[in-house]
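Heads up: the structure comes next, in structure tokens.
The values are calculated or read from the model by the stated rules, or taken from the named source; none is laboratory data. Being a predicted model, the structure only gives us computed values, none of them experimental. Glycine gets a Cβ as well: all are built from the backbone with ideal geometry, and neighbour counts include every protein chain shown.
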Amino acid sequence: MKVTKLEPVTKTKYKVYLDEQFAFVLYKGELSRYKIQEEAELSQETIEEIKTEILVKRAKRRALYLLNQMDRTEEQLRQKLERDLYPKEIVEAAIRYVASFGYIGDTDYARRYVSSRQNSKSKREIKMALLQKGVSKEIVEQALEECYQEQDESAAVQKILEKRRFCPEKATDVEKKKMYEYLVRKGFSYDLIRQVIQVSFWNA
């Protein structure tokens, strides 16, 4: 295949285009090692060597680094590696690698996410957040069923009221209405909100 274009990404990294199509990103020293320059021909054997000896190893290290930075779903990791300009097949190889060690798994991620947020967010809000992160509906529902305690919604509402320094005894009707609307938007039911605010009022 012919190298049709070398496009700088940084001072030391370049996008390599083969037969007019973006193929991968290499550092300047790697371009020199494989004698890659515009109009040069690359054999399939050389291309495979670049993928296995450079790109796959680099993507694996990058995936481990990203997971060490913060917990991520499989889809979040995939998107991040793709934004780092790794080819699709390299991305999938890196994901298989970290998954084989148990470093990534949407089921465990969803369970941890639910457990760490059930005291401050509604079930609906947690569900929507996980779906947006690319976790499947089945895994989300399973994690909620296993980890979410219904009584925690009351605690979550109470925590929000305390955080926003809402005092039912002193609040005006307008302030109460705004608080109800805010909590409903957060995914809590009207009946639950009313119940928690009434209890807060009697305990005030």
message: Given the options Lys57, Lys11, name the one that is at negative phi, surrounded by 15 or more Cβ atoms within 10 Å (Cβ to Cβ) and of a type in the set (D, E, K, R).
response: Lys57
query: Residues of region 125-140 being among the acidic types (Asp, Glu) and either surrounded by fewer than 15 Cβ atoms within 10 Å (Cβ to Cβ) or in the same structural domain as Leu183 (by TED's automatic domain parsing) (or both), which ones?
result: Glu138
query: Any idea which of Glu53, Glu75 is touching a residue at least 12 places away in the same chain (Cβ under 8 Å), within 23 Å of Tyr103 (Cα to Cα) and assigned to a helix (DSSP H, G or I)?
result: Glu75
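Any idea which of Tyr103, Tyr97, Tyr86 is assigned to a loop (DSSP other than H, G, I, E, B) and under 18 Å from Leu55 (Cα atoms)?
After ruling out the rest, the residue left standing is Tyr86.
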field: When residues of region 104-124 are limited to those that are surrounded by fewer than 16 Cβ atoms within 10 Å (Cβ to Cβ), under 16 Å from the mean Cα position of the chain (by Cα) and not polar (S, T, N, Q), the one nearest to Phe24 (Cα to Cα)
entry: Gly105
query: When you look at Tyr27, is it in contact (Cβ under 8 Å) with a residue 12 or more places away in the chain, farther than 30 Å from Ser136 by Cα, outside the structural domain of Val140 (by TED's automatic domain parsing) and touching a Lys or Arg at 6+ places or on another chain (Cβ under 6 Å), yes or no?
result: yes
task: Could you tell me whether region 144-163 includes any residue that is under 28 Å from Glu75 (Cα atoms), more than 18 Å from the chain's Cα centre (by Cα) and without any contact (Cβ under 8 Å) to a residue 24 or more places away in the chain?
output: yes
